[in-house]
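First up is the structure itself, then whatever we jot down about it.
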Amino acid sequence: KTSEGIALVDRDEDGVDRAFRADVLEGLRARRKAIPARWLYDDAGSQLFEDITKVPEYYPTRAETEILTERAGEIAAAVGPDRAVVEFGSGSSVKTPLLLDAIAPSSYVPLDIAGDFLRQAAIELSAKFPGLPVYPVEADFMAEVTLPSEVEKAAKLGFFPGSTIGNMVAWTAVELLRSMRLTLQADHGVQPLLLIGMDLVKDRAVLEAAYDDAGGVTGEFNLNLARRINRELEGTIPVESLRHVARWNDEYARVEMHLEAMHGIEFSVSGESFAMAEGETIHTENSHKFTRRSADMLLHAGGWSPRKRWLDSKERFSLILAEA
Ligand code: AVJ
């Protein structure tokens, strides 16, 4: 629900999320089957992602946390005083308090599409930072968002950690960066800043292991999408016949996650029949990796000028401060 009480999730008379069903059916009908990665994150999927951040092979969360901890002073000096921090995506992570501790902002505006999650995170944050005004906004930040009037005049710092930008193809990433710029622009104020996490290109084996951990947590995360389809869309996907695959696509500089059929299978979803041949896959996620230049190029295309960049000690991950 939005603050006006309008539900953001559109459900049919049986309680089925219409957008989820439409995306899944369209994705399964395609010659190359693919389902948008956002559907990986139901409650079970969000919990599994939290678990992924703790497996030894998945370095991005630890690397970004190291930067925010070790370079807090430099980040604060580069950002300057009196900024309202606007975080794109849930603020439930450990990263948010690290940033707020570092820069002591004038207020904090978490933006998220998941309302319950958002309100819970806002309550926990307010408890940790008693003097800090917190204004949660339930919204889909892929389009321009109108911020609460209390922060209208404030200079803004957008925060977009986790290399979530890497889950988008370039066209969508540029659209998002431009929307963020519009959201953060004050009427006639100081230029907004954006602090964005972008994961770096590195050895293929390191990347593939990060998305296919030996403990199988990422596999469970990926397979949960098939389970979710079975749960919510009356699906009959034989989940035991699918296996998790993570592979580096060098042409597109991204790690791809797929669900691969180990032998020929047939199933139905919402009453529609589908088949997969042995070795055929459903593409479920892209995680683009960047070089310094490709990161800067993407930011420029989105209307942002990179000003400062910090890397972790092993130079695996970058946190970039850009100015509109
Ligand atoms: C935090 C959403 C960017 O792509 O690294 C982790 C998601 N997928 N393991 C990423 C994810 C598989 C993650 N994001």
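Below are the figures for this structure:
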read-out	value
q = 0.10, 0.12, 0.14, 0.17 Å⁻¹, the range 140-299: log10 I(q)/I(0) [Debye, one scatterer per Cα]	-0.52, -0.70, -0.85, -1.03
Contact order normalised by residue count of the range 175-324, Cα under 8 Å, 6+ apart, percent	29 percent
Contact order relative to length of the chain, as percent, for alpha carbon pairs under 8 angstrom and 6 or more apart	20 percent
Rg over Rh, two decimals, the range 65-132 (C-alpha only, Kirkwood Rh)	0.96
Residues with amide H under 5 Å from that of G158, placed H, sequence gap 5 or more	V86, L193, L194, L195
Unit Cα scatterers, Debye sum, the range 223-301: log10 I(q)/I(0) for q = 0.16 Å⁻¹	-0.67
Net lengthening on full extension, H300/I123 (0.36 nm per residue, minus Cα-Cα)	60.2 nm
Per-selection Kirkwood Rh - the range 7-75 (Cα, Å, 1 d.p.)	15.3 Å
Whole-percent pair-distance distribution, where bins are 5 Å wide, for the alpha carbons of the range 65-220	2, 8, 17, 20, 20, 15, 9, 5, 2, 1, 0
The range 1-131: relative contact order in percent, alpha carbon pairs under 8 Å with at least 6 residues between	17 percent
Residues H263, H283, sorted so that the one with the fewest Cβ neighbours within 10 Å comes first	H263, H283
Rg/Rh for the chain, where both radii come from Cα atoms and Rh is the Kirkwood radius	0.97
Partners for K54 among aspartates and glutamates (Cα-Cα distance below 12 Å; same-chain residues under 8 apart left out)	D213
Total formal charge among the other residues, if their Cβ is under 13 angstrom from that of A72, Lys/Arg +1 and Asp/Glu -1	-3
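Read-outs: derived from the displayed coordinates by stated rules, not from any lab. Bear in mind the structure is a predicted one, so any value in this text is a computation, not a measurement. Please note: Cβ atoms are built from the backbone with ideal geometry, for glycine as well, and neighbour counts cover all protein chains shown.
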